[in-house]
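One structure is given here, and the rest of the page talks about it.
The values are calculated or read from the model by the stated rules, or taken from the named source; none is laboratory data. Computed from a predicted model, the values in this text were never measured in an experiment. Cβ coordinates were reconstructed from backbone atoms using ideal geometry, including for glycine residues, and neighbour counts include every protein chain displayed. The protein model used for the area step is the full one, side chains on, heavy atoms only, and it has no ligands, DNA or RNA in it. Shrake-Rupley method; radii C 1.70, N 1.55, O 1.52, S 1.80 Å.
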Number of protein chains: 2
Amino acid sequence: MNEQVPEAMRWSTENCTISRTMRILGDKWTFHVLREIFVGVRRFEDIRARAELPRQVLTERLAALIERGIIRRHPYRLPGQRERYEYRLTQAGLDLYPVLVALIQWGDQYLPLDDGPPIVPQHRGCGEEVSVVLQCAAGHEPTPREVAIRPGPGAQPRALAG
Amino acid sequence: MNEQVPEAMRWSTENCTISRTMRILGDKWTFHVLREIFVGVRRFEDIRARAELPRQVLTERLAALIERGIIRRHPYRLPGQRERYEYRLTQAGLDLYPVLVALIQWGDQYLPLDDGPPIVPQHRGCGEEVSVVLQCAAGHEPTPREVAIRPGPGAQPRALAG
DNA sequence: TGGCTGAGTCTGTCAAGCAGACTTATGCTC
DNA sequence: GAGCATAAGTCTGCTTGACAGACTCAGCCA
């Protein structure tokens, strides 16, 4: 029980926000599917062809995203064809934009391509590039080193702690 | 070739920034491991115990993160014990803070707990809570609906397009 | 010398991903 | 109305990865 033990070891990860979020988003394909919908590719066959994932996996991921309220099915009908469905973002889905933009931003910085970025988040209003910035409630913009992740009011002590 | 085909279908996903980033971060465990290191849990056995992942998977993930330059091994020695290693974030790792904070922020909004958030990103300087905001190069703070993901200079046309 | 501990490695089982073929529903053309 | 085209799935068998639990290895200490 010396102070070498990090303080975080005393807290459970059971209800951790990152765990609970990753249970929904944290697999190889979900972000690929979301990317397609974000860039405007909304139909099953188009998503499958562009993201190159097995149909079965796509079926399963779409169902999971619908169940979690991130996308919804929306009926559409091309002239001379029967009704089908496309997949659109709900508000919860749209609110994943900061996550997506943060990923793109990191990738552009640490895995750059010779030709420049293949995709760019853009402000529809003014056409300028969009990025994410860290901001604290007092209005500062801390660097990563100035940020710490601390236990909050919902933190639960860990069994076997210490 | 009617205009029902989304514009994005014309572009390849092969070099997509999200794909390339997800090849590194996009699996069930990587973010859990990073979370531990972010909150200050740096030693193999501590990470394994708190994140509850199989040792073999932890070994493999740590090696991958080191290879991608996101963490590094750092020797340490407790009094009366032999030298061991702990894992620390590199600058590239620290720069994942916006991704992590964006995930926490989304989770707190859409998967809230009765007791409040279990973890809170905090500005070390002033103690206030840290969040991420979307910001365009002209200084606007667009809502998700005002953001669009567009092909950039490195976009490649898709074979079989149309 | 023998035991303890952190940090792995090994082994066998089982779930998930995968490619590719098959199915289903509907509307169109002839 | 028969047959064809198409989007959106299901089905099948193979392969890969996750997993729990046991084993190993190196250095320190009693």
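No other residue among A:ILE37, A:ILE18 is assigned by TED's automatic domain parsing to the domain that holds A:LEU78 and more than 26 Å from B:GLU7 (Cβ to Cβ) apart from A:ILE18. When B:GLU60 is tested against the conditions (1) more than 13 Å from DNA strand D (Cβ to nearest atom); (2) charged (D, E, K, R); (3) farther than 24 Å from A:PRO98 by Cα; (4) open to solvent by 50 Å² or more (accessible area, probe 1.4 Å), the lone failure is (1).
Based on what the data block shows, is A:TYR76 under 23 Å from B:LEU103 (Cβ atoms), in contact with a strand residue (DSSP E or B) (Cβ under 8 Å, 6 or more places away or on another chain) and of a type in the set (Phe, Trp, Tyr)? The answer is no for A:TYR76. Restricted to segment B:80-92, and to residues there that are of a type in the set (Ser, Thr, Tyr) and within 13 Å of another protein chain (Cβ to nearest Cβ), the residue that is nearest to DNA strand C (Cβ to nearest atom) is B:TYR87. In segment B:19-36, of all residues being of a type in the set (D, E, K, R) and open to solvent by less than 60 Å² (accessible area, probe 1.4 Å), the one that is farthest from the other protein chains (Cβ to nearest Cβ) corresponds to B:GLU36. Hey, any hits in segment B:137-146 for a residue that's within 7 Å of chain A (Cβ to nearest Cβ), polar (S, T, N, Q) and without any contact (Cβ under 8 Å) to a residue 12 or more places away in the chain? No, every residue in segment B:137-146 fails to be within 7 Å of chain A (Cβ to nearest Cβ), polar (S, T, N, Q) and without any contact (Cβ under 8 Å) to a residue 12 or more places away in the chain. Taken together, the criteria place B:LEU134 among residues that are crowded, with 20+ Cβ neighbours inside 10 Å, away from DNA strand C (no atom under 11 Å from the Cβ), at pLDDT 95 or above and not basic (Lys, Arg).
The condition of being closer than 16 Å to A:ILE70 by Cα and free of Cβ contacts under 8 Å to residues at least 12 places away in the same chain holds for only one of A:ARG42, A:ARG20, that being A:ARG20. Scanning segment A:77-87 for residues that are without any contact (Cβ under 8 Å) to a residue 12 or more places away in the chain and either surrounded by 13 or more Cβ atoms within 10 Å (Cβ to Cβ) or under 19 Å from the mean Cα position of the chain (by Cα) (or both) gives no hits. Taken over segment B:1-18, the criterion of being over 15 Å from A:LYS28 (Cβ atoms), part of a loop (DSSP other than H, G, I, E, B) and facing chain A (nearest Cβ under 7 Å) is satisfied by B:GLN4, B:PRO6, B:ASN15.
For beta carbons closer than 8 Å, sequence separation of 6+ or different chains, a first residue in segment B:57-70 that is under 22 Å from A:GLY107 (Cα atoms) and a second that is open to solvent by 40 Å² or more (accessible area, probe 1.4 Å) and not hydrophobic (A, V, I, L, M, F, W, C), the qualifying pairs are B:ILE66/B:ARG72; B:ILE66/B:ARG73; B:GLY69/A:TYR110.
Residue by residue, here is whether (1) more than 16 Å from DNA strand C (Cβ to nearest atom); (2) in a helix (DSSP H, G or I) holds:
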| position | (1), (2) |
| --- | --- |
| B:THR59 | no, yes |
| B:ALA64 | no, yes |
| B:ARG73 | no, no |
| B:LEU78 | no, no |
| B:VAL99 | yes, yes |
| B:ALA102 | yes, yes |
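Step by step: first the residues of segment A:37-52, then only those that are facing another protein chain (nearest Cβ under 8 Å) and open to solvent by 60 Å² or more (accessible area, probe 1.4 Å), then the one that is nearest to DNA strand D (Cβ to nearest atom). Which residue is that? Per the stated criteria, the residue is A:ARG42.
The rows are residues; the columns are (1) assigned to a helix (DSSP H, G or I); (2) more than 19 Å from B:GLN91 (Cα to Cα); (3) away from DNA strand C (no atom under 12 Å from the Cβ).
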{"position": "B:THR21", "(1), (2), (3)": "yes, no, yes"}
{"position": "B:ARG35", "(1), (2), (3)": "yes, no, yes"}
{"position": "B:GLY40", "(1), (2), (3)": "no, no, yes"}
{"position": "B:GLU45", "(1), (2), (3)": "yes, yes, no"}
{"position": "B:ARG50", "(1), (2), (3)": "yes, yes, no"}
{"position": "B:LEU53", "(1), (2), (3)": "no, yes, no"}
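Taken together, A:PRO112, A:PRO142, A:PRO153, A:PRO117 contain a single residue that is in a loop (DSSP other than H, G, I, E, B), away from DNA strand D (no atom under 16 Å from the Cβ), open to solvent by 20 Å² or more (accessible area, probe 1.4 Å) and under 17 Å from B:ILE104 (Cβ atoms), which is A:PRO153.
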